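Taking it in order: structure first as structure tokens, then the write-up.
The values are calculated or read from the model by the stated rules, or taken from the named source; none is laboratory data. This is a predicted model, so every value here is computed, not measured. Heads up, the Cβs are rebuilt from the backbone with ideal geometry, glycines too, and the neighbour counts pull from every protein chain shown.
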Amino acid sequence: MFTCKQVSNALSKEDYEKLPVLRKFFLKLHVKLCLFCGKFNGQVMQSQDMCRCYKEHEEHLEPLRPKLDAEKKEALKELLRSQAQLKD
């Protein structure tokens, strides 16, 4: 069984799906059973799953992205700048 530190290090360095089967099994087991790091590392694993899914389907999502012309981009940049200045 892994320690919490080993699980966190393994998840921060690489995608858990690329790990060997046995190591991946014990890593998932630890995350399911551990009260201390289970919630955080479970979220890390979910984030990795979402990123992997996005990469796999990125070409199908491309037409759904809104296209902005140069004017709209500049207007958004100006709005963000003005909001940042208000915070300062």
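Which pairs have Cβ atoms under 7 Å, sit 6 or more apart or on different chains, and link a residue in the stretch 20-41 that is under 10 Å from Val7 (Cβ atoms) to one that is of a type in the set (Phe, Trp, Tyr) and surrounded by 15 or more Cβ atoms within 10 Å (Cβ to Cβ)?
Partner pairs satisfying both residue conditions: Phe26/Phe2; Leu27/Phe2; Leu27/Tyr16; His30/Phe2.
Out of Leu27, Leu61, I need the residue that is at pLDDT below 85, in a helix (DSSP H, G or I) and among the aliphatic types (A, V, I, L, M). Which one?
Leu61
Tell me, yes or no, whether the stretch 31-51 has at least one residue that is hydroxyl-bearing (Ser, Thr, Tyr), loosely packed, with under 10 Cβ neighbours inside 10 Å and in a helix (DSSP H, G or I).
No - not one qualifying residue is present in the stretch 31-51.
Quick one: in the stretch 2-30, of everything that is loosely packed, with under 10 Cβ neighbours inside 10 Å and more than 13 Å from Gln48 (Cβ to Cβ), which residue is farthest from the chain's Cα centre (by Cα)?
Leu22
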